[in-house]
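Structure first, commentary second.
The values are calculated or read from the model by the stated rules, or taken from the named source; none is laboratory data. Model, not experiment: these values are computed from the prediction. All Cβ positions, even for glycine, are placed from backbone atoms using ideal geometry, and neighbour counts span all protein chains on display. Heavy atoms of the whole protein, side chains included, go into the accessibility calculation; ligands, DNA and RNA do not. Shrake-Rupley method; radii C 1.70, N 1.55, O 1.52, S 1.80 Å.
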Amino acid sequence: MGHIRKDIIERYALGRLNESAVTRVEIHLLVCETCRERLDSFETFVWMLKSAAPAPGLTMSAAGQP
C-alpha cells in the first residue's frame, strides 16, 4: 500500500476533496502513521501561517506599526 500524495493531503486538510475522496483518505489515515504525520505537519504549517498573518481589516497602524 502506498502513501497519499502530498497534494491530496493538502486538499484534504483544506476541505477541498469530494466526499468519495475524503472517505478513501480517512480510511488510509486510520492505518498509515506516516500519512497522519504528514497531515499533522501540513495542518501545523497552515496554523502557523494563519497565526502570523494580521487579522482581516487590521491596518498597519492598528497593529502597532508606524
Among (1) under 20 Å from ILE4 (Cβ atoms); (2) open to solvent by less than 80 Å² (accessible area, probe 1.4 Å); (3) not charged (D, E, K, R), the one test that PHE45 misses: (2)
Neighbours by Cβ (under 7 Å, 6+ apart or cross-chain): first from region 1-29, of a type in the set (Gly, Ala, Ser); second open to solvent by less than 70 Å² (accessible area, probe 1.4 Å): ALA13/LEU39; ALA13/PHE42; ALA13/VAL46
